[in-house]
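Peer 1: Next up is a structure, given as structure tokens.
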Amino acid sequence: MLGIALFMGLFPACDMLEDVYDGTADGGTDTKEETLREGQYYIDATNYAQWVYINLHTPTPVITTATISLDDLTETGTPEQWDIAQHRYDVKTNGATVLMTPYHSIAELEAAGLPQDGQWVEDEESETSITVDMSHMMEGFLTYAPGHKNKEIGKWVDVDTSTMPPNYTMHDNVMILHLSDGTYAALQLIS
């Protein structure tokens, strides 16, 4: 039996130059005040020195923020139980594997069922994986923290920095997480 949790996060875009990057294709902006439907959650992932942790194993997802120290790159406030975490465009899991589906809504996935084909992707570790400080960007360097992230779920947004401001291309494909306890969750990251 497939248990599917509907989870849509509204993630604001880059905030380096005030509101330059926060516009949407239709000229609007992504704000917490938007009308959210049942099963949708707004998560503020704009702070480079924070991870937002989500525990999907509760009736309403528990959302916890942890802070990354810019002095020694350690993290404080990480919850004991969590399933997925968001840092700007980076997403990591707590031992899950991720499969991107061809579906663009949870309803499409529910109608089709759990895909039998596809590559389930684990998180990858890197010493320079997570950008935590952009304040020296104009001087030619960024500060990175070691950590892991899932490159498959990271495909929810392409960031093209070949021009300024960067160009963001969102992909609303439904992602399936095969969690470490054997359960599944479906989610769709938007904006």
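The values are calculated or read from the model by the stated rules, or taken from the named source; none is laboratory data. Quick caveat: nothing in here was measured; it's all calculated off a predicted structure. Neighbour counts run over all protein chains shown; Cβ positions are idealised from the backbone, glycine included. Ligands, DNA and RNA are stripped out before the accessible areas are found, and what is left, the full protein with its side chains, is counted by its heavy atoms. Shrake-Rupley method; radii C 1.70, N 1.55, O 1.52, S 1.80 Å.
Peer 1: Please specify each residue of region 144-155 satisfying the condition of being open to solvent by 20 Å² or more (accessible area, probe 1.4 Å) and out of contact with any His (no Cβ under 7 Å at 6 or more places or on another chain).
Peer 2: Here is the first cut: in region 144-155, the residues open to solvent by 20 Å² or more (accessible area, probe 1.4 Å) are 144, 146, 148-149, 151-152, 154-155.
Answer for region 144-155, where residues must be open to solvent by 20 Å² or more (accessible area, probe 1.4 Å) and out of contact with any His (no Cβ under 7 Å at 6 or more places or on another chain): Tyr144, Pro146, His148, Lys149, Lys151, Glu152, Gly154.
Peer 1: In region 126-165, how many are farther than 24 Å from Thr74 by Cβ, more than 18 Å from the chain's Cα centre (by Cα) and touching a residue at least 12 places away in the same chain (Cβ under 8 Å)?
Peer 2: 1
Peer 1: If you don't mind, there's one more thing I want to ask. From the list Asp181, Asp90, Asp172, Asp123, which one is among the charged types (D, E, K, R) and in contact with a Gly (Cβ under 7 Å, 6 or more places away or on another chain)? Quick ask: steps written out before the conclusion?
Peer 2: Values: Asp181 fails: in contact with a Gly (Cβ under 7 Å, 6 or more places away or on another chain); Asp172 fails: in contact with a Gly (Cβ under 7 Å, 6 or more places away or on another chain); Asp123 fails: in contact with a Gly (Cβ under 7 Å, 6 or more places away or on another chain).
From the options Asp181, Asp90, Asp172, Asp123, the qualifying one is Asp90.
Peer 1: Can I ask one more? In region 156-191, which residue that is buried (at least 20 other Cβ atoms within 10 Å of the Cβ) and small (Gly, Ala, Ser) is farthest from Pro102 (Cα to Cα)?
Peer 2: If we take residues in region 156-191 being buried (at least 20 other Cβ atoms within 10 Å of the Cβ) and small (Gly, Ala, Ser), then Ser191 is farthest from Pro102 (Cα to Cα).
Peer 1: What strands (runs of 3 or more DSSP E) lie completely within region 55-124 and have 1 or more residues being among the small types (Gly, Ala, Ser) and without any contact (Cβ under 8 Å) to a residue 60 or more places away in the chain?
Peer 2: On the way: elements: 62-68, 84-87, 90-93, 97-100.
Per the criteria, 62-68, 84-87.
Peer 1: Can you name every residue in region 105-125 that is over 16 Å from Ile153 (Cα atoms) and exposed (fewer than 13 other Cβ atoms within 10 Å of the Cβ)?
Peer 2: Answer for region 105-125, where residues must be over 16 Å from Ile153 (Cα atoms) and exposed (fewer than 13 other Cβ atoms within 10 Å of the Cβ): Ala107, Glu108, Ala111, Ala112, Gly113, Gln116, Asp117.
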